[in-house]
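Notes to accompany the following structure.
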Amino acid sequence: MSPHGEFAGSFTRRRFCVSVMRSSPIITEFWLARHRHQNPVVAAVHIIVKPGRAVAFTLIELLVVVAILAVLAALLLPALGRAKQKALTVRCLNNTRQMSLGSAMYAGDANQVYPWTFTAVVGASGVGWFNYIQPYLRSTNVLLCPAKERAAQKFDYSYVFADDKTITSYGANFQIGGCSFPANAWFVKPVKETEVVSPSLTVYLADSGTTAINSADPTKCVTPESKEKAQSWVMDDPAGFGSVFVTGNDPNWCGPSIRHAKRSNVGFMDGHAATTKSSQWYYDFTPWLNPAFGGGSTTTAKPRGT
């Protein structure tokens, strides 16, 4: 017989032996006990095959593995969910900062005057503050809060105010931008940068879209149970110029939304942004929205425009 034939026959016999050993622990133990000291390959097979032990998992072992995986999933999934929400909050905060800076750049090119909140209203549509600052933004995606876009609730966008059909998840402070709406005889001029007493403590825009309650108690104005509107983008004091719209079902006017772990991302007049509780700054006659005072002021006065 040729060397190749001997090798082939040896290989076939080895495969047969391994097959028999896997099917019969008794034969395996007998054969390995007899040959393990004669051949190093047999010794290696002894280690791999492990006589007396079944190759497949038992039902109990499978159930234990499933139970361990279930426990790990229960521990890890909430943490992953929180990490995802945190990532969405950070992206939204970046959007808020970009829009605040974009509005400041607009003012820099417009004789220090901030953009109108809305103008040219004809047939319930016109131009919004977000249209004015678009040239200063990287893209219109900045106008959308990622957390709201991924919310389980589906919103009806059949009505859109902007002539170009742009929508946004954020509301701009009406007391800063005012409006020009001749059909309703509404005319509130936008403020100049020099009229803002405390830029770092005056809110310019924020996550928005809720139906607010007119109250001096900050914990009651906006709560987790507040109704979320589709794409409201005019934010005002609950006792301000647009009070009846902010506290009603108007699709354009609103209070802030606390969609980030019961907090809002807020952009300030100096361009910085922060994640805060709405109860810290949103209530009737709040100085945080009034450019003549700014947050921290103990002076109260009617909101601008009233």
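Taken together, the values in this text are just the output of simple stated rules run on the coordinates, not laboratory data. The structure displayed is predicted, hence computed values, not measured ones. Methodologically, a virtual Cβ is constructed for each residue, glycine included, from the backbone with ideal geometry; neighbour enumeration extends over all protein chains shown.
Note the full-extension length gain between VAL66 and ASN249 as 0.36 nm times their separation in residues minus their Cα-Cα distance, in nm to one decimal. Can you show the working numbers first?
On the way: separation 183, 0.36 × 183 = 65.88 nm, distance 5.00 nm.
My answer for the length gained is 60.9 nm.
I need ILE167, ILE258 ordered by Cβ neighbour count within 10 Å, fewest first. Each step should come with its number before you reach the end.
Working: ILE167 17, ILE258 22.
The fewest-first ordering by Cβ neighbours comes to ILE167, ILE258.
Order the peptides 137-147, 233-243, 99-109 from the highest to the lowest mean number of other Cβ atoms within 10 Å of their residues.
Working: 137-147: 17.1, 233-243: 24.8, 99-109: 19.2.
So the order, starting with the most tightly packed, is 233-243, 99-109, 137-147.
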- [ ] Provide the per-residue ³J(HN,Hα) series for region 187-194, in order, calculated from phi with Karplus coefficients 6.51, -1.76, 1.60 and θ = phi - 60°, each as a whole number of Hz, with x at glycine and proline positions.
- [x] 8, 10, 5, x, 7, 9, 4, 5
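When each pair of different Cα atoms in region 123-249 is counted once in the 1/r mean, what is the Kirkwood radius in angstroms, to one decimal? It would help to have the intermediate numbers written out before the result.
On the way: mean 1/r = 0.0629 Å⁻¹.
Result for region 123-249 stands at 15.9 Å.
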Open item on the list: Show me, for region 156-164, the HN-Hα J-couplings you get by feeding each phi into the Karplus relation (A = 6.51, B = -1.76, C = 1.60, θ = phi - 60°), rounded to Hz, glycine and proline as x.
Closed with: 8, 9, 5, 9, 10, 5, 5, 4, 8
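From the Cα gyration tensor of region 177-270, with a ≥ b ≥ c the square roots of its eigenvalues, which class applies: rounded if a/c is under 1.5, or else prolate if a/b is larger than b/c, or else oblate? Walk me through the numbers before you get to the answer.
Values: a/c = 1.88, a/b = 1.19, b/c = 1.59.
Oblate, because a/c is 1.5 or more while a/b does not exceed b/c.
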- [ ] Pull out a ≥ b ≥ c, the square roots of the eigenvalues of the alpha-carbon gyration tensor of region 58-119, then state rounded if a/c is under 1.5, prolate if not and a/b is larger than b/c, and oblate in the remaining case.
- [x] prolate
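Beyond a 19 Å Cα-Cα separation, which of these cross-linked pairs lie in this structure: LYS165/LYS229; LYS86/LYS227; LYS227/LYS277; LYS165/LYS277; LYS84/LYS229; LYS192/LYS229?
Numbers: LYS165/LYS229 17 Å; LYS86/LYS227 23 Å; LYS227/LYS277 17 Å; LYS165/LYS277 31 Å; LYS84/LYS229 24 Å; LYS192/LYS229 30 Å.
Pairs exceeding 19 Å: LYS86/LYS227; LYS165/LYS277; LYS84/LYS229; LYS192/LYS229.
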